[in-house]
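Read-outs throughout are calculated quantities, based only on the coordinates presented, and are distinct from any laboratory measurement. In this text the structure is predicted, and so the values were computed from the model without any measurement. All Cβ positions, glycine included, derive from the backbone under ideal geometry; neighbour counts span all protein chains shown.
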Amino acid sequence: MMNKDYILRMAERFGRALAIILHLRQSNRYEEALIYIDDIFLQTTGFTSSFVNSASEEMLLQMISPLGVLNVQKCVWIALLLKEEGDTYVEMGNEDESYYRYLKSLHFFLEAAKHSSEIRDIDIVSAIEYDLHVLEAFELPQKTKLALFSYFESMGQYVRANDMLFEMIETGEEPVDAGVMEQGRAFYERLRSKSDAELEAGGMSRGRVEQSLAQLLEEKG
């Protein structure tokens, strides 16, 4: 577990790093900004930017989870620095490079969100929304949608979880993945146990829950 003082120091350190990155970008010194980000990657995670961008999310998470326990601070640094690289490449007019960085950044922010009690002084929710906004024009991979589906439910954003579930069903391969269908069924069973007030707070009604469940079962059939 990370203590609050450590998180505050981490946030402060990132603030200083961010100021330098912004200054370099505003001066159109993009290559210098990328070199600086690479240095910060190495200092904070022990990995180079090249390695982080070439390795899979699964491999990286395993590498920063000694004894199966996620090193949350490294997870956050990876997410934040990938986001900064994405912003830099956008300003350089390289959307392909920015897309992959924003997408991987989103995955690490979503992983960090599972440990939100340890990182209260860093606004993970806003960071996730930022990545989602810059990725709006792109079709997200199914594994990203599945992670977002779980995240939205955990945040009590039931209507967004509902929409993401059906987006997975509509854009996925035929036949629809049985695991996705089962997770959807379990999702609606959990919603059935919620109060009307809880459902309403999450943008859902009891009638919509039943309607969506029926639609899901129809898709399955």
Next item on the list: Quick one: dipole size for the range 4-134, taken about the Cα centre, charges +1 on Lys/Arg Cβ and -1 on Asp/Glu Cβ, in debye to the nearest 20.
Entry: 440
Margin query: Restricting to lysines 8 or more places apart or on different chains, can you count the pairs in the chain with Cα atoms under 23 Å from each other?
Written below: 18
Next item on the list: Could you state the angle between the C-alpha long axis of helix 4-26 and the longest principal axis of the C-alpha atoms of the chain, as a value from 0 to 90 degrees rounded to the nearest 10?
Entry: 70
Next item on the list: Would you list the P(r) distribution for the range 142-220, with all Cα-Cα distances sorted into 5 Å bins from 0 and each bin expressed as a whole %?
Entry: 3, 16, 31, 26, 16, 6, 1, 0
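Grab the other residues whose beta carbon is less than 11 angstrom from that of Asn94, score K and R as +1, D and E as -1, and report the net. Provide the component values of the computation, followed by the final result.
Working: positive: Arg101; negative: Glu85, Glu91, Glu95, Asp96, Glu97.
Local net charge: -4.
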Margin query: Sorting check: for 82-90, 15-23, 126-134, which peptide has the highest mean count of neighbouring beta carbons within 10 Å, and how do the rest follow?
Written below: 82-90, 126-134, 15-23
Next item on the list: Putting +1 on Lys and Arg Cβ atoms and -1 on Asp and Glu Cβ atoms, find which of Phe149, Ala127, Ser116 reaches farthest to the positive end of the dipole of the range 110-150.
Entry: Phe149
Notebook entry, point to check: Which net charge results when you count Lys and Arg as +1 and Asp and Glu as -1 among the other residues whose beta-carbon is under 13 Å from that of Ser205?
Noted result: 0
Notebook entry, point to check: Using a simple charge model, +1 on the beta-carbon of Lys and Arg, -1 on the beta-carbon of Asp and Glu, nothing else, what dipole does the chain show about its Cα centre, in debye to the nearest 20?
Noted result: 820
Checklist line | Burial ordering of Phe138, Phe109, fewest other beta-carbon atoms within 10 Å first | finding: Phe138, Phe109
